[in-house]
Structure formats: C-alpha cells, structure tokens
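Undergrad: The structure is given below, and queries will be raised subsequently.
The values are calculated or read from the model by the stated rules, or taken from the named source; none is laboratory data. Values in this document were obtained by computation on a predicted structure and should not be read as measured data. Ideal geometry is used to build each Cβ from the backbone, glycine not excepted, and the neighbour counts take in all protein chains shown.
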Amino acid sequence: MWWIASLIAVMLLSPLGYERVRGWYWVRQEAIPPPFAVSIQPDPTFLEQSVQDFVNKRGPCAFLEEYYNLVGTKRTAEINAKNAVLARAFGLKVNEDMFPVYVVKKRIHNRLPISTISTDRRFLARLFADASRFPQLDEVQRLFLEWHFLSPPSYEFSLVKPNRQLVLGWNTFAEMAGVENFDIYAFGQVECTVILVESSCGDVNVSHYDLREPNRSQLCVVNDFLNGHPNSRIDVIGVYAGEVANSIHQAHPEISVGMHVKKKTDTVYSIHFKREQGRLSTYFNEKNISKDFLSSTQYLAYGRWFTMGRTNEMCPTKNDRYDLVAYEPVGVPSGS
C-alpha cells in the first residue's frame, strides 16, 4: 500500500494536486458555508476603477491572465490578495481571511450567467478604447485589448477604426480602399498564413487563415480580389509561406509575389502593415510561447487551461521591437 500513500503525497504537494483536492473539498462539504458568494450584478463604476487601477499598475498581460483565471473555463479559479479587488469587481465576494481560495468554476458559472460575462466583455472593450483612462498603454496595446474583448472565442472578428486602423481577425479577411495612409495589425500568428494583396489603385486585401497547406478559403479570397484588381502585388507571411506563395504564383504567373518564411513554430508573430506617404512597409514582432499556446487561445475548454487562457502571451507590450520584413521574390512575373 506504500505506493498509494506516495501517490496521495505527490497529489497534495504539487500545486495542481493541492488545488484540485481543495476544490473537491469545497464542493462536497455542504455543511460548511463556501468561502465565497456571487453577486450577479457587479457595480460598473467599481469594475471600471478596479480594471483601470490594475492595468495601469500591473499591465495588460497580467490583467488578461487574471481575467481568465477568474471567469474562464478552467476548472477552478484561484482568488488571492493580488486579484481580490478584480474578483469583487467581477461579482465574486470572497472571505479574505481564507486566502488563497480555490473556487470551483462550475459554481461561478451557475450563478454568474454567460450574458453577464458577455456584457462585461463589451464594457471592457469600450473602456480600453478610451486612451484617457489608460495613460500607461500605447495605441497598439489599446487596439489589441479592444479587439480582443469584442471578439468571439474564435477571434473571427476584425476591428475597423475610423482613422484607418484595422485589427485583422483569424480565419477571415478585410479590405481597405484608397491610397491614404493606414495601419493594419494581425496578432497571434503561429502556424497560420497572412496574405496582403495591394492593387495599383491603392486598395488592399489582407487575410489570416490557418492550415498547414494553402487554405482554399484564403486562396478564394485572394482570387476574388484579383478578379477586380488585376494589377496587384502579393505578400505572404507564415511558416508555410513558401508553399502558399508558390501556389499563388502558379495560378497567377503575371502577379508579383513576395514571401517571408516564419522559421519557428514555437513563437508568435504580431504583424504591422503600415502605409505612409504612399509607401507600404511590413513589420513584425516575435515572442516565444508555451507549448499549449494554440490549444489555450482558441474556442474549446482545454484541460488545465481555459478559453483564450494564454492570450497574455500575444498581448503587445511597450517594449516590443518591430523589425522590417524583407520579402523574398517568388518566381518572375510573366511579361516583366
């Protein structure tokens, strides 16, 4: 029986094991009042001030981590002295004498309706769009946060701002018309492919799709744009940029195609397409990511992590360095 005692000891001594045992205890001890209660109508003013204070003090990446710790689909939420104010702001009243408290998430979701969480996300998006409330954040950080909290769990949403700023979603495309300046951002590229098509009249089409081979939906987007803009050039970015760029070149040998191959699959790109004074340039930032990054940022409930749980790893920071992309030409356009 020694192995049973050893197994129990390992479970109790490991952080995850302790969390599960403690969560199991609070679920099943019906005679003991739980160390928390839920208010399903958080005070918007308190929520606003708490988020502002937390983000301006600890930064947006720490906020995202705590946000999904509290309301994501992870099995339990840890509430401690560092995040207690946020917990109260989102409607979780906690007995502070018992920190840290591990709250079984099923109890939270039973009392805190999804509609309330969705309302909070829209509220947070509007809050982050207001530059005056977050002096510590730069423009790119605010754009990312606004886009993130307006997006569905699949991120299949593009944010278009009136000043010709655009944040491109996943598995979708967007267009920008005219020759004026613009800024287009694509966040969270790991193994996906990002394609920008620029026509001679200035119109651009940009898309961000997954799959480890030329995505048919993405190629259809490119073809549809080229049908209306035959005089165009194409830039392809991604781990499989070579395969995708060659596929496009074979279908459109008359079009100039450039590619930038992302060399690592354990990093995440943030891409910035910038047109200034008629010149279009591409910049990228590259960060290391955890092995389970993809499985924690998409739309299912994943084991020990939770919906969009690793979002903090692709969140821009003020110290991010963006390098200029040098595209490699693919083939020679026919007729050139």
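Undergrad: For the condition modelled with pLDDT under 85 and surrounded by fewer than 18 Cβ atoms within 10 Å (Cβ to Cβ), what is the one hit in ALA62, ALA77, ALA37, ALA89?
TA: Checking each option against the conditions leaves just ALA37.
Undergrad: Show me the helices (runs of 4 or more DSSP H) entirely contained within segment 98-206 in which 3 or more residues are not assigned by TED's automatic domain parsing to the domain that holds PRO60.
TA: Qualifying helices (runs of 4 or more DSSP H): 114-128, 139-150.
Undergrad: For the structure I just gave you, tell me whether HIS229 is under 21 Å from LEU280 (Cα atoms) and in the same structural domain as GLU198 (by TED's automatic domain parsing).
TA: yes
Undergrad: Another question, if that's okay. Return the residues of segment 230-289 that are crowded, with 20+ Cβ neighbours inside 10 Å, more than 18 Å from GLU175 (Cβ to Cβ) and more than 25 Å from the chain's Cα centre (by Cα); say none if nothing qualifies.
TA: Residues satisfying the conditions are ALA245, HIS249, VAL257.
Undergrad: Could you run through segment 215-230 and say how many residues are within 14 Å of CYS201 (Cα to Cα) and outside any helix (DSSP H, G or I)?
TA: 2
Undergrad: Go through (1) crowded, with 21+ Cβ neighbours inside 10 Å; (2) more than 23 Å from LEU324 (Cα to Cα); (3) modelled with pLDDT of 95 or more one by one and return the number of the condition ARG310 breaks.
TA: Result: ARG310 fails condition (3) only.
Undergrad: Something else: Of the conditions (1) closer than 30 Å to THR317 by Cβ; (2) in contact with a Leu (Cβ under 9 Å, 6 or more places away or on another chain), SER232 clears all except one; give me its number.
TA: Against the list (1) closer than 30 Å to THR317 by Cβ; (2) in contact with a Leu (Cβ under 9 Å, 6 or more places away or on another chain), SER232 comes up short only on (1).
Every residue, every condition in (1) buried (at least 18 other Cβ atoms within 10 Å of the Cβ); (2) in contact with a Lys or Arg (Cβ under 7 Å, 6 or more places away or on another chain); (3) modelled with pLDDT of 95 or more; (4) closer than 22 Å to VAL325 by Cβ, yes or no:
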{"position": "ARG133", "(1), (2), (3), (4)": "no, no, no, no"}
{"position": "ASP138", "(1), (2), (3), (4)": "no, yes, no, yes"}
{"position": "GLU156", "(1), (2), (3), (4)": "no, no, no, no"}
{"position": "LEU166", "(1), (2), (3), (4)": "yes, no, yes, yes"}
{"position": "TRP170", "(1), (2), (3), (4)": "yes, no, no, yes"}
{"position": "ASN181", "(1), (2), (3), (4)": "no, yes, yes, yes"}
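Undergrad: Under 6 Å between Cβ atoms, which residue pairs at least 6 apart in sequence (or on different chains) link something in segment 168-186 that is at negative phi and touching a residue at least 40 places away in the same chain (Cβ under 8 Å) with a partner that is outside any strand (DSSP E or B) and aliphatic (A, V, I, L, M)?
TA: PHE173/VAL221
Undergrad: Of the numbered conditions (1) without any contact (Cβ under 8 Å) to a residue 60 or more places away in the chain; (2) surrounded by 18 or more Cβ atoms within 10 Å (Cβ to Cβ); (3) within 16 Å of the chain's Cα centre (by Cα); (4) closer than 23 Å to PRO329 by Cα, PHE149 fails exactly one; give the number of that condition.
TA: Failing condition for PHE149: (4).
Undergrad: Limited to segment 231-262, what total is found for residues that are in contact (Cβ under 8 Å) with a residue 12 or more places away in the chain and not in a strand (DSSP E or B)?
TA: Number satisfying all stated conditions: 18.
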